[in-house]
Amino acid sequence: MRTTLKGKTKEVIIDTEGPVIIIGECINPTRRKKLVATLEAHDFSYMLELAESQISALADVLDVNVGYPGVDDEVLLPQAVKALQERFDIPLCLDSPNPRAIEAALKVAEGKCLINSVNAEEASLQRLLPVAREYGAAIIGLVLDDDGITHDPEKRLRIAEKIIDRAVRAGIKEEDVIIDPLAMAVSADPDACRVTLETIRLVHDRLGHNITQGASNISFGLPDRENINNAYMAMSIMYGLTCPIANPEKITGLVRAADLVLARDDYAIRYIEHYQSNLKH
Amino acid sequence: MNQLLEKLSTCVEYGKVDLKSPYPPAMKDQEGAFELTRQALDAGISPGNILEEALIPAMSRVGQKFSRNEIFVPQMLMAAKAMSSSMIHITPYYLSGETKRRGTFIIGTVKGDLHDIGKNLVSMMIEGAGWEIIDLGVDVSTEKFIEAVGNHPGAVIGLSALLTTTMENMRRSVAELREKFPDLKILVGGAPVTAEFCHKIGADHYSPDPQGAVEYLKQLS
């Protein structure tokens with residue numbers, strides 16, 4: 001299955017057969033005081049710097065989250081989208097829990113964006129699916145519902161099915177639903193990552209949809225976090241993760257290596273491309 | 001110190017739950033917090049003494065080591081589990097009123113936020129410091145916070161937020177709590193929260209780690 005996203009003109013195809021597409025996570029106020037300070041002053045220069053460095057680290061799509069107390073993301077998210085699209089031709093992933101901010105951003109965005117995220121809560125489905133359809137956006141379907149978070153992979157699979165079913169009935173193309181299996185910290189629950197890996201496997205094998213996840217936090221509360229993140233990322237890709245939301249400066253090398261060993265990178269072209277682009281920096 | 005209490009304290013610190021628990025491997029086949037607490041009570045040591053001399057100091061050491069990055073979340077959870085197994089024997093004395101708690105602490109993760117690890121760690125550490133915990137869970141509305149404070153006069157409250165996008169809900173809940181209960185002590189925490197933000201929204205205390213919350217509560221009780 002192939003999900004196509006689009007910047008102003010540039011198309012990015014996320015294919016369940018790979019290679020892995022990287023959604024850059026860095027435009028996000030968490031632990032980035034400078035981003036908050038500059039956004040509060042309606043100064044987008046630092047945000048554009050973050051975009052630039054992620055693109056040169058081979059991000060394929062950029063996640064855009066400008067939510068922070070005291071900033072009105074209904075105003076700021078569309079402004080951020082415009083500023084990004086004036087400079088860069090890359091698809092965007094609009095990240096906000098506020099549907100009005102998503103809608104306002106879609107109104108001004110060119111191309112085809114990804115919405116981060118819709119979940120199976122009735123309120124979320126009813127509010128966001130029509131918006132996605134109206135603006136022709138793809139969605140990330142996060143596998144939680146009105147009962148909260150389940151730790152049973154089969155139940156997570158059923159929630160994924162429900163989101164896909166409802167999206168299709170709302171007029172969204174099936175391939176435009178990318179599933180997020182909901183990664184959680186392994187420090188608090190030794191089973192947490194296994195549950196998510198199993199969910200990835202089930203969604204990939206039975207539904208055949210593209211799969212994303214923001215997985216930098218699975219290593220919360222443990223030392224040498226990068227080791228854990230890398231092990232988990234490699235296994236997730238093996239099971240069917242196709243478009244992680246991650247920091248490209250840290251993950252691109254690993255992702256390209258994973259594609260190579262899964263025989264998705266003939267002549268190691270993409271792996272070597274990353275190596276050579278690193279030499280230039 | 002009494003040898004039994006010293007042993008119990010070590011069990012809690014290193015997360016040795018009971019005799020059959022295989023963790024930590026170095027303490028395999030030894031008695032754990034569960035058995036030793038029973039023995040201490042049977043030997044006539046008061047629940048208050050067990051708390052003050054064994055459990056609370058153990059959890060305090062755990063909190064300090066965690067703050068210094070010497071131990072990590074899993075070890076903290078092991079310690080908390082050992083403490084809980086000890087509390088099985090202590091709780092009846094709380095319920096009968098024979099042993100007093102230091103106070104009541106209400107805690108929850110704010111509306112729209114489903115993260116519970118930080119909240120749970122803080123709960124465990126504050127319980128380990130001798131407080132009663134009212135855990136409201138995650139995705140807690142302002143109304144629920146207000147209702148809980150109304151039901152527990154004199155309680156202290158802690159709010160957790162793990163997302164920059166839910167900090168706004170933290171601000172709202174704190175504002176409404178402050179309006180309803182001007183003297184309420186409000187603690188806030190979570191990855192994106194800062195001392196500056198705490199001050200700005202009118203909360204009383206921010207701590208970057210659970211031990212900081214425990215130290216603050218110590219001054220209150």
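The values are calculated or read from the model by the stated rules, or taken from the named source; none is laboratory data. Every value quoted in this text rests on a predicted model; they were computed, and no experiment measured them. All Cβ positions, even for glycine, are placed from backbone atoms using ideal geometry, and neighbour counts span all protein chains on display.
Taking B:Ala161 as the residue in question, decide whether it is within 17 Å of the chain's Cα centre (by Cα) and in the same structural domain as B:Val214 (by TED's automatic domain parsing). For B:Ala161, the condition - within 17 Å of the chain's Cα centre (by Cα) and in the same structural domain as B:Val214 (by TED's automatic domain parsing) - is met.
Screening B:Tyr206 on (1) within 13 Å of chain A (Cβ to nearest Cβ); (2) under 22 Å from B:Glu127 (Cα atoms) shows it passes everything except condition (1).
Has the stretch A:144-163 got at least one residue that is without any contact (Cβ under 8 Å) to a residue 12 or more places away in the chain and of a type in the set (Ser, Thr, Tyr)? First the steps, then the outcome.
Taking the stretch A:144-163 as the starting set, the residues that turn out to be without any contact (Cβ under 8 Å) to a residue 12 or more places away in the chain are A:147-148, A:150, A:155, A:158.
Adding the requirement that they be of a type in the set (Ser, Thr, Tyr) leaves A:150.
Among the residues of the stretch A:144-163, at least one is without any contact (Cβ under 8 Å) to a residue 12 or more places away in the chain and of a type in the set (Ser, Thr, Tyr), which makes the answer yes.
Among the residues of the stretch A:194-221, the ones that are in contact (Cβ under 8 Å) with a residue 24 or more places away in the chain, more than 13 Å from chain B (Cβ to nearest Cβ), of a type outside the set (S, T, N, Q) and in a helix (DSSP H, G or I) come to 11 in all.
Identify, from the list B:Gly130, B:Gly158, B:Gly108, the residue that is closer than 27 Å to A:Gly221 by Cβ, at pLDDT below 95 and crowded, with 19+ Cβ neighbours inside 10 Å.
B:Gly130
Residues in the stretch A:6-46 that are crowded, with 21+ Cβ neighbours inside 10 Å, in contact with a strand residue (DSSP E or B) (Cβ under 9 Å, 6 or more places away or on another chain) and either without any contact (Cβ under 8 Å) to a residue 12 or more places away in the chain or within 14 Å of chain B (Cβ to nearest Cβ) (or both): A:Glu25, A:Cys26, A:Ile27, A:Asn28, A:Leu35.
Residue-wise test of (1) out of contact with any Asp or Glu (no Cβ under 8 Å at 6 or more places or on another chain); (2) closer than 24 Å to A:Asp189 by Cα.
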site: B:Thr104; (1), (2): no, no
site: B:Ile107; (1), (2): no, yes
site: B:Lys119; (1), (2): no, yes
site: B:Ile133; (1), (2): no, yes
site: B:Gly154; (1), (2): yes, no
site: B:Pro182; (1), (2): yes, no
site: B:Leu187; (1), (2): no, no
site: B:Ala191; (1), (2): yes, yes
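One residue alone among B:Asp183, B:Asp209 is surrounded by fewer than 23 Cβ atoms within 10 Å (Cβ to Cβ), in the same structural domain as B:Asp116 (by TED's automatic domain parsing), closer than 24 Å to B:Glu132 by Cα and in contact with a Ser or Thr (Cβ under 7 Å, 6 or more places away or on another chain), and that residue is B:Asp209. Within the stretch A:117-141, the set of residues being farther than 25 Å from A:Glu11 by Cβ, in contact (Cβ under 8 Å) with a residue 40 or more places away in the chain and within 14 Å of chain B (Cβ to nearest Cβ) comprises A:Asn119, A:Ala120. Applying the condition of being more than 14 Å from chain A (Cβ to nearest Cβ) and not in a helix (DSSP H, G or I) to the stretch B:41-68 and asking which residue is surrounded by the fewest Cβ atoms within 10 Å (Cβ to Cβ) yields B:Gly44. Of the residues making up the stretch A:89-116, those that are surrounded by fewer than 18 Cβ atoms within 10 Å (Cβ to Cβ) and more than 14 Å from every other protein chain (Cβ to nearest Cβ) are A:Asp89, A:Lys107, A:Val108, A:Glu110. Residues in the stretch A:229-239 that are surrounded by fewer than 20 Cβ atoms within 10 Å (Cβ to Cβ) and of a type outside the set (S, T, N, Q) were compared, and the one that is nearest to the other protein chains (Cβ to nearest Cβ) is A:Ala231.
Summed over the stretch A:188-218, residues that are at pLDDT 95 or above, of a type in the set (Ser, Thr, Tyr) and farther than 21 Å from A:Ala138 by Cβ total 1.
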